[in-house]
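Visitor: One structure, pasted below without further comment.
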Amino acid sequence: MTPDRARCGRSLLAVLGLGVTFACSDDYRAPTSPVPNLAVQNAAQMTIDDHFIEIGERWPGFAGYYYEDGGIVLRTTDRGDVASLATLVRTELGKEEFGISIRDADYDFRELAGWRDQLREAARAGMRELDVDEVLNRVRIGVPDEDTRSEILEWLTVLNVPKAAVVVHVVPPQVSLIGLRDVHRPVPGGVQVQRTGGGSCTVMVNANTPAGPGFITNSHCTQTLFGPDGIEFHQPAAWNPIGFEVADPLPIPFGLFCPASLGLPCRFSDAAFISYDFGVQGYFGAIARTTGLGSRRLTTRIHAS
């Protein structure tokens, strides 16, 4: 159902040194289905997994990449022409200034994606998560309890999927649109996010920038205060990646606006921009509304102004 929305003018937000636009509206009911977002529509047609498979077709042995400690980690089972592969990844990401470290992988991404698709088609009851994890270089399956975990491991043998290529872990149930710390897709403002390795924070507002769609959060929530590090963010917590940091300017030099006597770095904003992963949508113009002061539980409405 499409909610009635009294729209107001679009604003220009100058933050992070980027031109950021966002929409606003009067109070409206949260939709029962994702809101179309033209800014991410094209990106949603190709997931990051599709992108990795496409690279793997050109570069045998490619096992994916991810951000870590301000650089890119490239996984591969074949180091034969790894320099050319690293150049390709830098160019496609537009991150030619980033350092790349190479780590060996046990399986290439196409192998893992094939086993994941085989498990998906078999449609076993009890699986809460099913994904290719390029950091672990494994297919990751989430289950509700240890009994189901044992059943899934036996099932892998029946399907001829190597157990060594799969990680099966117990995850708690996830219920959408209950509280600020629950799973929300599309992602509205006001809900919890968490960087890789811990550190919970909040989505401020969704925004479109030259770097693509994403959201603004505090710089102090990233791994490096006032400096780019490419850290990945999850919503609401680990195992639910939604994007990675692409903008977090360096502090201003000590001087008139930042006395050295403070002994602390200075900047005109405590903000960083997180770019959404392929296929992840933000709920633009929306901020989650709680039931009252100090509450983390949501009403049936989402508010933007």
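No lab work stands behind these numbers, since they all come straight from the coordinates. Everything numeric in this text was worked out from a predicted model, so none of it was measured. Cβ coordinates were reconstructed from backbone atoms using ideal geometry, including for glycine residues, and neighbour counts include every protein chain displayed.
Visitor: Can you tell me, using C-alpha contacts under 8 Å and at least 6 residues apart, the relative contact order of the stretch 61-104 as a whole percent?
Guide: Here the relative contact order equals 43 percent.
Visitor: Here is a further query. Per 0.36 nm of contour for each residue apart, how much would the distance between L159 and A211 grow if the chain were fully extended, relative to their Cα-Cα spacing?
Guide: 14.5 nm
Visitor: Run the simple label-point estimate for S261 and E151 please: 7 Å along Cα→C-beta, distance reported in nm.
Guide: Each label point lies 7 Å from its Cα, and together they span 6.9 nm.
Visitor: Work out, step by step, the length gained on full extension between T290 and R181: first 0.36 nm times the residue separation, then minus their alpha carbon distance; give nm to one decimal.
Guide: Computed gain between T290 and R181 is 38.1 nm.
Visitor: In whole Å and largest first, what semi-axes does the C-alpha gyration tensor of the stretch 109-170 yield when each eigenvalue is scaled by 5 and square-rooted?
Guide: 17, 13, 10
Visitor: Can you give the direction-averaged projected area of the convex hull of the alpha-carbon atoms in the stretch 203-290, in nm²?
Guide: Directional mean of the projected Cα hull area for the stretch 203-290 stands at 7.2 nm².
Visitor: For a protection proxy built on the mean count of beta-carbon atoms within 10 angstrom, sort 210-218, 116-124, 53-61, 65-73 highest first, please.
Guide: Descending packing order for the listed peptides: 210-218, 65-73, 53-61, 116-124.
Visitor: Now, a different point. Going by amide H atoms built from the backbone, whose H comes under 5 Å of the H on D277, apart from near neighbours?
Guide: Hits under the 5 Å cutoff: G243, F244.
Visitor: Sticking with this one: Once you have the Cα-Cα distance between D69 and T91, take 0.36 nm times their residue separation minus that, and quote the gain in nm to one decimal.
Guide: Stretched out fully, the D69 to T91 stretch lengthens by 6.0 nm.
Visitor: Give me the Å³ per residue figure for the convex hull around the C-alpha atoms of the stretch 74-147.
Guide: About 120 Å³ per residue, rounded to a whole number.
Visitor: What does the net charge come to around C258 if you take all other residues with beta carbon closer than 15 Å to its beta carbon, with K and R at +1 and D and E at -1?
Guide: Surrounding charge for C258 is 0.
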